[in-house]
Amino acid sequence: MWNQGGYSESGVDGGYTQSPGGFVASQGGEKKGRTRATQIIPCTVSQLMSASQADEAFKVGDVEVTQVTIVGIIRSTDKSMTNIQYKVDDMTCAPMDVKQWVDTEDPSVDSGVLPPGTYVKISGNLRSFQNHRSVVAFRIRPLEDMNEITSHMLEVVQAHMALGKSPSTPSAAGGMSSNSSMSHQTPAIVAESRSAVNHVAINGLSANQNQVLSLIRGCPDPQGISVHDLRHRLSGISLPVIKQAVEFLSNEGHIFSTIDEDHYKSTDNDE
C-alpha cells in the first residue's frame, strides 16, 4: 500500500481505490473484462494522444478514461471572448491543446491568462473533434513546487498499473496476475515518465525561479527583458518574489544584467 496522497488497493469486488481525491475503478460491471475509471486519472500527453477511441470513449490499455490530469509547461496562449487556449508540453510528445472556457456571466471568476513558461497542473475532460484531440479544462493551477512534476509521473505509473490489474486471473503462484496488455505497456509508461522528468530540468530551482528563467531565456531582445515586463507577464507572482528570483538566478550565473540593473538576459543565449 502506498498511502501518502497516493493509492490504496482493495480486494473488495476486485476494485482499486485511491484516497483521497484520486481515482476509483470497478471491474466486472457493465461488460465483462471492461475497466472504467469513475474519477480523475493522472496521464501523460502521450497516453492521451495514443489512447484508442470508440465513439466518445477513450481507453488507455483496457482502462476507459474521461476525466484526466496532466502536468506540463505552457508553450503558447490564445485568449478569445469565450475561452482561453493553451498548448501544454509535458515532454512525452508534441504539446497538447487545452481549452478553458471563460465565464462571461460571473465577473468574480478569475479568467486571467497564464503566460508561456508557466508550469501547470490541469484537470479536465479528454475530447476529440474532427480527429483532433484536446483537453477541456475545468481547473488549471500553476505548480507551487517543481517536485509536483516528479510526483505526477509516479502517480501516472502507479495509477495505470493498479487499474490495469485483472482480479479474475490467478497466477501460477496462486496470486493475482496483472492484465497482460497493461503489463506490456508499463515499461513504456515508466520510460516516457523518466524522459519527461529529465527534460523538465529539475536543477534545484523553485517553480517561480523556473518561470522567471524561462521568460528571460525566451526574450529575443538584445537588452533582455526588464523586471517590470516580468511582473506584467507573471501576473500570479508578486514583484518582491520576482526580484528575489532574479537576484538568485543572477548570483547562480543563469542570467546577467545588460543595459542597467533592471534588464536581464540569459547566459544560455548570450552571443
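The values are calculated or read from the model by the stated rules, or taken from the named source; none is laboratory data. Values in this document were obtained by computation on a predicted structure and should not be read as measured data. Backbone-built Cβ (ideal geometry, glycine too); neighbour counts: all protein chains shown.
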Neighbours by Cβ (under 6 Å, 6+ apart or cross-chain): first from the stretch 64-80, assigned by TED's automatic domain parsing to the domain that holds TRP101; second of a type in the set (D, E, K, R) and part of a strand (DSSP E or B)
GLU64/ARG36; VAL71/LYS121; GLY72/ASP89; ILE73/ASP89; ARG75/LYS87; ARG75/ASP89; SER76/LYS87
Which listed residue is surrounded by 14 or more Cβ atoms within 10 Å (Cβ to Cβ) and either over 17 Å from TYR119 (Cβ atoms) or basic (Lys, Arg) (or both), from VAL246, VAL241:
VAL246
Subset of the stretch 53-71 (residues that are of a type in the set (D, E, K, R) and out of contact with any helix residue (DSSP H, G or I) (no Cβ under 8 Å at 6 or more places or on another chain))
ASP55, GLU56, LYS59, GLU64
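So that you can scan it fast, the table gives a plain yes or no per residue for (1) modelled with pLDDT of 55 or more; (2) acidic (Asp, Glu):
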{"residue": "SER166", "(1), (2)": "no, no"}
{"residue": "VAL200", "(1), (2)": "no, no"}
{"residue": "SER214", "(1), (2)": "yes, no"}
{"residue": "ARG217", "(1), (2)": "yes, no"}
{"residue": "ASP221", "(1), (2)": "yes, yes"}
{"residue": "ILE225", "(1), (2)": "yes, no"}
{"residue": "GLY236", "(1), (2)": "yes, no"}
{"residue": "LEU249", "(1), (2)": "yes, no"}
{"residue": "GLU252", "(1), (2)": "yes, yes"}
Within the stretch 53-76, residues being crowded, with 16+ Cβ neighbours inside 10 Å and hydroxyl-bearing (Ser, Thr, Tyr) number 2
For the stretch 54-95, which positions are hydroxyl-bearing (Ser, Thr, Tyr), under 12 Å from the mean Cα position of the chain (by Cα) and not in a loop (DSSP other than H, G, I, E, B)?
THR69
Just a yes or no: is a residue in the stretch 29-52 modelled with pLDDT under 75, surrounded by 13 or more Cβ atoms within 10 Å (Cβ to Cβ) and touching a helix residue (DSSP H, G or I) at 6+ places or on another chain (Cβ under 7 Å)?
yes
